[in-house]
Amino acid sequence: MGYLLVTGGAGFIGSNFVRRMLREHPERKMMILDALTYAGNLDNFSEEERSHPNFDFRHGDIRDPKAVADAMKGADQVIHFAAETHVDRSIDNADPFVSTDVKGTQVLLEALRRSDVERFIHISTSEVYGTAESVPMTEDHPLKPMSPYAGCKVGADRLAYSYYATYDLPIVIIRPFNNYGPNQFPEKLIPFFILNALQDKPLPMYGDGKNTRDWVFVEDCCEGLGRALAQDLAKLKGEVINLGTGKETNVLTITDQILTHIGKPLELKKFVADRPGHVKRHCASTAKAQKLLGWRAKTEFKVGLGKMIDWYVENERWWRNIIETKREYHEFTVRWYEETLPGGGRPRG
């Protein structure tokens, strides 16, 4: 048996997935290929996890054909997380998203054509759908991306499908809805709000705060991904599968729950100008995941959010290292949320 290749395995969902595999399948060899950009972080793993005999980290870029070919040479399965993922950043500069999300995926797919890999799980995103035209959103919902990030993920998603259709490759496409949980990079909405609340800073909500998302606790998502690796490939090959809860929560509710859990005043809520191309509503159909994977999300949002908040409270060293030393994090937060910091102002143009 070969090993499981995990691209982007030092990122948020990737690291949670690797951790789950080490815990549940300690005999399974894994190679983690990650470029360690600003959001990739080996500190997402404990020293014990990094020293596990079946944990093999390789520093490499999915846009590098040689690095990808070498990483895939002995793999029997691949799960492809690696991507630029932040909508707001893509609005400022789409170039890294086009390069990594589309071209990087194409490099992997070309290597797949020349490999003996049994299964390739492509991690897409619910952002490919745009705002819900009907609820719940099935896998056949129109693809109407509303940000450069979403557009690039549509490109990668459909490129992966085209390689299945053209070359009969063993590709499965998973579209997770909004994940949240431990190790999420602090510039994303929920961890950003948690850290602002802990530091008595305002929590800046776009628009009226009533936009909804289907929030999936990352551990539940990783369970679904594990099932996608284990189920009969004949049933999954060429399929697109949502991973969501079938429930939606708006940003106002999230903000109130964070402030209440931490014991901070609701007056820390602050409304700011909406961002361009903001998706208004997401809510997943869960029927296909239940049918093909036997999977259903288990964690109620309020419970998962509480676990996440407690993790950030208990792991201050992890997040302080990011917010105090990562230049990319500081530049982004100043540009997008400067009015929540001393001095005011909010340059957006």
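Looking only at residues in the range 47-78 that are assigned to a strand (DSSP E or B), of a type outside the set (Asp, Glu) and in contact (Cβ under 8 Å) with a residue 40 or more places away in the chain, the one that is farthest from residue 18 (Cα to Cα) is 75. Residue count for the range 93-120 satisfying the condition of being outside any helix (DSSP H, G or I) and surrounded by fewer than 24 Cβ atoms within 10 Å (Cβ to Cβ): 8.
On the given criteria, is residue 177 among the aromatic types (Phe, Trp, Tyr), over 14 Å from residue 284 (Cβ atoms), surrounded by 19 or more Cβ atoms within 10 Å (Cβ to Cβ) and under 22 Å from the mean Cα position of the chain (by Cα)? Talk me through it step by step, then tell me what you get.
Values: among the aromatic types (Phe, Trp, Tyr): yes; over 14 Å from residue 284 (Cβ atoms): no; surrounded by 19 or more Cβ atoms within 10 Å (Cβ to Cβ): yes; under 22 Å from the mean Cα position of the chain (by Cα): yes.
Taking the combined requirement at face value, the residue does not satisfy it.
Within the range 112-169, count every residue that is over 18 Å from the mean Cα position of the chain (by Cα) and more than 30 Å from residue 75 (Cβ to Cβ). Matching residues across the range 112-169 total 12.
So that you can scan it fast, the table gives a plain yes or no per residue for (1) within 14 Å of residue 193 (Cα to Cα); (2) of a type in the set (Lys, Arg); (3) out of contact with any Gly (no Cβ under 8 Å at 6 or more places or on another chain); (4) at pLDDT 95 or above:
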{"site": "210", "(1), (2), (3), (4)": "no, yes, yes, yes"}
{"site": "259", "(1), (2), (3), (4)": "yes, no, yes, yes"}
{"site": "262", "(1), (2), (3), (4)": "yes, no, yes, yes"}
{"site": "286", "(1), (2), (3), (4)": "no, no, no, yes"}
{"site": "289", "(1), (2), (3), (4)": "no, no, no, yes"}
{"site": "292", "(1), (2), (3), (4)": "no, no, yes, yes"}
{"site": "297", "(1), (2), (3), (4)": "no, no, no, yes"}
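With respect to the stated conditions, residue 190 is among the hydrophobic types (A, V, I, L, M, F, W, C), in contact (Cβ under 8 Å) with a residue 60 or more places away in the chain and more than 28 Å from residue 77 (Cβ to Cβ).
Scanning for something in a helix (DSSP H, G or I), of a type outside the set (D, E, K, R) and modelled with pLDDT of 95 or more, does the range 19-31 turn up at least one residue? Can you show your working first?
Step one: of the range 19-31, the residues in a helix (DSSP H, G or I) are 19-24.
After this cut, where a residue has to be of a type outside the set (D, E, K, R) as well, the list is 21-22.
Next, from what is left, pick out any that are modelled with pLDDT of 95 or more: 21-22.
Yes, the conditions are met somewhere in the range 19-31.
Once the range 221-271 is narrowed to residues that are of a type in the set (S, T, N, Q) and outside any helix (DSSP H, G or I), the residue that is surrounded by the most Cβ atoms within 10 Å (Cβ to Cβ) is 242.
The residues of the range 143-183 that are in a helix (DSSP H, G or I) and of a type in the set (Ser, Thr, Tyr), listed by number, are 149, 161, 162, 163, 164, 166, 167.
Confirm whether residue 150 is modelled with pLDDT of 95 or more, under 30 Å from residue 115 (Cα atoms) and buried (at least 21 other Cβ atoms within 10 Å of the Cβ). Yes. If you go through the range 121-145 and keep only what is of a type in the set (A, V, I, L, M) and either over 24 Å from residue 88 (Cβ atoms) or buried (at least 18 other Cβ atoms within 10 Å of the Cβ) (or both), you end up with 121, 123, 128, 132, 135, 137. Go through the residues of the range 193-213 one by one and say whether even a single one is buried (at least 22 other Cβ atoms within 10 Å of the Cβ) and under 13 Å from the mean Cα position of the chain (by Cα). Scanning the range 193-213 turns up no residue that is buried (at least 22 other Cβ atoms within 10 Å of the Cβ) and under 13 Å from the mean Cα position of the chain (by Cα). A single member of 135, 128 is under 19 Å from residue 243 (Cβ atoms), modelled with pLDDT of 95 or more, of a type in the set (A, V, I, L, M, F, W, C) and part of a helix (DSSP H, G or I), and it is 128.
The numbered conditions (1) at negative phi; (2) outside any helix (DSSP H, G or I) are all true for residue 36 except (1).
The values are calculated or read from the model by the stated rules, or taken from the named source; none is laboratory data. Treat the numbers as computed from the prediction; the structure is a model and nothing was measured. For neighbour counting, all protein chains shown are included, and Cβ atoms are generated from backbone atoms with ideal geometry for every residue, glycine included.
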